[in-house]
Amino acid sequence: MATYYPLDGTPHPPSETVAADGPVIRHIGFSDLLDALRLGWEDFKAVPSHAIVLCVIYPIIGILVARMVLGYAVLPLLFPIAAGFALIGPFAALGLYELSYRRELGMDASAWHAFGVLRAPSFGSMLGLGALLLAIFVVWVATAHAIYVSIFGNEPASVIPDFLTRVFTTSEGWRLIMVGCGVGVLFAAVALCISFVSFPLMLHQHADMTDAMLTSMRVVAKNPIAAAEWGLIVLFLLMLGSIPFFLGLTIVMPVLGHATWHLYRKAIETPLTSSSHEVPEQEREKRYAADFPSVLFPPWGRKHRFFDSSD
C-alpha cells in the first residue's frame, strides 16, 4: 500500500491521518469535481504564462500527428488520436501539479518552478507510469485502426466529406461508432483507474509507481460514479480543445492539469507539507587573503569557518 514519504524537513503526519494500509480516502461527488475545475481555472489565471511554456509543445505534437495522419490518408485515426490525449494527459501535466502545489503552499510559482518536478525523488516512477500510459495510447490507436479496417477494409478515406459520409450515413459507419466507442471506453477506464490521482500522489508523497497505482484504484473503487463523471468531463474538454487544430489544448490542458491536483487533494486525506522542493541554501563561508594558500589544502583549509550573521 501507499506509504507517506515526507519532504525534506517535514515531520511524519499524524497516525490518524494516514492509515496503516495507506492514505485515508474520502468520498467525493460531482460538486467536488466542479470545485476542482474552479480551482484549476484559478491556478491557470494566476500563472497563464506557465501554461504556454509547458503546454505549447502539446498542441504542436497534435498538429504534427494530425498532419501525418492526413498525409498517409488514414483520416479515421484522427478521432482516436484526439480522444487518446486523455490517456497521456495526466503525465503531460506533471509540471502543472508542481505549480498548483506551490500555490497551495503560498509560495512563489514561476515557469522555472515547474521543472522542479524533475528533482522529485519519485520522478523515475513518474516516467515509468508515463511510459505505461503511452503504451496504452499506442495500443489504442492500433486497435482503432484494426476496427476501421475490419469494417470498411483498406480503402482509404482521404478527404473529410467522404469520411463523414461513410461514418454517419451508412450502417457500417454506425457500427464503427458503437464498436469504437465501446472499446475506447475500456482503454479509458484502464488509464483512468491507474492514473486518477497517481501523479500528484507521487509528487506530493513520493510514492513509487506500484503504490501510486494501487492507491489510485482504491480511490476509483470508492468513488466510481465521480471517477466516471471526471472521465467524461476530461474527454469532453479535450475533444473541445482539439477542435480548433488542437490549439484549444493550450487552455484546456493546463486547467485540467491544475484541477487534477486539487481533485487529488479532495480525494486523499493527507496534510499539506510546508516544505518546498527548493534545494536548501548552503552555508556561506568567508575566505580571507591571509589564509592563502592553506585554504587549498584540507583540513587546514576549513579549520576556521565564519558565517554572516544573517545565516
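Filtered by the rule that a residue be open to solvent by 10 Å² or more (accessible area, probe 1.4 Å) and in a helix (DSSP H, G or I), region 96-116 gives Arg102, Arg103, Glu104, Ala111, Trp112, His113, Phe115. When Gly153 is tested against (1) under 26 Å from Gly231 (Cβ atoms); (2) open to solvent by less than 50 Å² (accessible area, probe 1.4 Å), exactly one condition is not met: (1).
The residues on offer are Met209, Met202, and the sole one that is within 19 Å of Gly89 (Cα to Cα) and open to solvent by 20 Å² or more (accessible area, probe 1.4 Å) is Met209. All of (1) assigned to a helix (DSSP H, G or I); (2) within 19 Å of Tyr97 (Cβ to Cβ); (3) open to solvent by less than 10 Å² (accessible area, probe 1.4 Å) hold for Ala226 with one exception: (2).
Of everything listed in (1) surrounded by 14 or more Cβ atoms within 10 Å (Cβ to Cβ); (2) at pLDDT 85 or above, the single unmet condition for Phe85 is (2). Among all positions in region 47-56, there is at least one residue which is open to solvent by less than 10 Å² (accessible area, probe 1.4 Å), at pLDDT below 60, in contact with a helix residue (DSSP H, G or I) (Cβ under 8 Å, 6 or more places away or on another chain) and assigned to a helix (DSSP H, G or I). In this structure, does Thr250 turn out to be of a type outside the set (Gly, Ala, Ser), in contact with a Ser or Thr (Cβ under 9 Å, 6 or more places away or on another chain), modelled with pLDDT of 50 or more and open to solvent by less than 50 Å² (accessible area, probe 1.4 Å)? When the stated conditions are applied, Thr250 does not pass them.
Restrict the check to region 130-147 and report whether at least one residue is out of contact with any Gly (no Cβ under 7 Å at 6 or more places or on another chain), within 18 Å of Val179 (Cβ to Cβ), open to solvent by 30 Å² or more (accessible area, probe 1.4 Å) and β-branched (Val, Ile, Thr). Checked against the condition, which is being out of contact with any Gly (no Cβ under 7 Å at 6 or more places or on another chain), within 18 Å of Val179 (Cβ to Cβ), open to solvent by 30 Å² or more (accessible area, probe 1.4 Å) and β-branched (Val, Ile, Thr), region 130-147 yields at least one hit. Would you check if Ala66 is assigned to a helix (DSSP H, G or I), modelled with pLDDT under 85, within 17 Å of Ile251 (Cα to Cα) and open to solvent by less than 50 Å² (accessible area, probe 1.4 Å)? Considered against the rule, which asks whether it is assigned to a helix (DSSP H, G or I), modelled with pLDDT under 85, within 17 Å of Ile251 (Cα to Cα) and open to solvent by less than 50 Å² (accessible area, probe 1.4 Å), Ala66 comes out as no.
The values are calculated or read from the model by the stated rules, or taken from the named source; none is laboratory data. Every value quoted in this text rests on a predicted model; they were computed, and no experiment measured them. Ideal geometry is used to build each Cβ from the backbone, glycine not excepted, and the neighbour counts take in all protein chains shown. Protein only, heavy atoms only, side chains kept; ligands, DNA and RNA dropped before computing areas. Shrake-Rupley method; radii C 1.70, N 1.55, O 1.52, S 1.80 Å.
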